[in-house]
1. Please work out the FRET efficiency for the pair ALA107 and GLU134, using the Cβ-Cβ distance as r and a Förster radius of 41 Å; give the result to the nearest 0.05.
2. Which of rounded, prolate or oblate describes segment 9-73 when judged by the alpha-carbon gyration tensor and an a/c cut-off of 1.5?
3. According to a simple spin-label model (label point 7 Å from Cα along Cα-to-Cβ), what is the distance in nm between MET67 and ASP16?
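Laboratory data are not the source of any read-out in this text; all were calculated from the coordinates shown. Bear in mind that the values here come from a model prediction, so they are computed numbers and not experimental data. Methodologically, a virtual Cβ is constructed for each residue, glycine included, from the backbone with ideal geometry; neighbour enumeration extends over all protein chains shown.
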Amino acid sequence: MNHAEFDNPQLDRQLDQLREELEHQQTPARVEAALLQAFARRQRKSWLSRVGLWLAPAAGLAASVGMAAWITLAPMTSAVIGTDPPNMVAIDDQAPFLALQSLERIAAEREPRLIETAVPRMMLASLGIPIDPEVAGDSMRAQMLVSADGQPLAMRLSQ
C-alpha cells in the first residue's frame, strides 16, 4: 500500500482541530475516582489469582500421586474374562470372543465356522493380552470363528 493514498489535507486539518479541542477537556472527578477503585479491586483479584497459580500445580501433583497410587494398588482384572469392550463379540451367551476383524466384517459373514486350535502365547501378547514370560513359548487352546474362505474373524480362549 502506498502512503500517498492516505494524504488528505482536509482530514489532517480536522484531526488537528479535534486534538486542540481535546487538550482543554478534563476528565470528570467521578470518572477518575471510579477508575482508581476499579484498579484497586483488580490488584486485589490479582493477588488472589497469584495464590491460585501457586495452588494449581500442588493440586495437580496431588491428583497425579493419587491416580498413580490407585492404579498401583487397585486389583488387576482379566483382560478377556468378565469384560465387554467394543471389540468383544458374545455368541450364545458364552465367554466373549476377541474380534480379530471389524465387527462389520464379522456381521457380514454368512456362514462362519467355529474351529478349535492351539495358539502360541506370544501371539496373544501381540493382541494385548498379558502373558507370563515363563510360559511365553507355550501354546494355549482357543476357539476361532473363521470365515468361509478361511480368514480368522474372532477368537475365544479355552481352558
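1. On the way: r = 39 Å, r/R0 = 0.94.
Using R0 = 41 Å, I get an efficiency of 0.60.
2. Oblate, because a/c is 1.5 or more while a/b does not exceed b/c.
3. In this crude spin-label approximation the distance works out to 6.6 nm.
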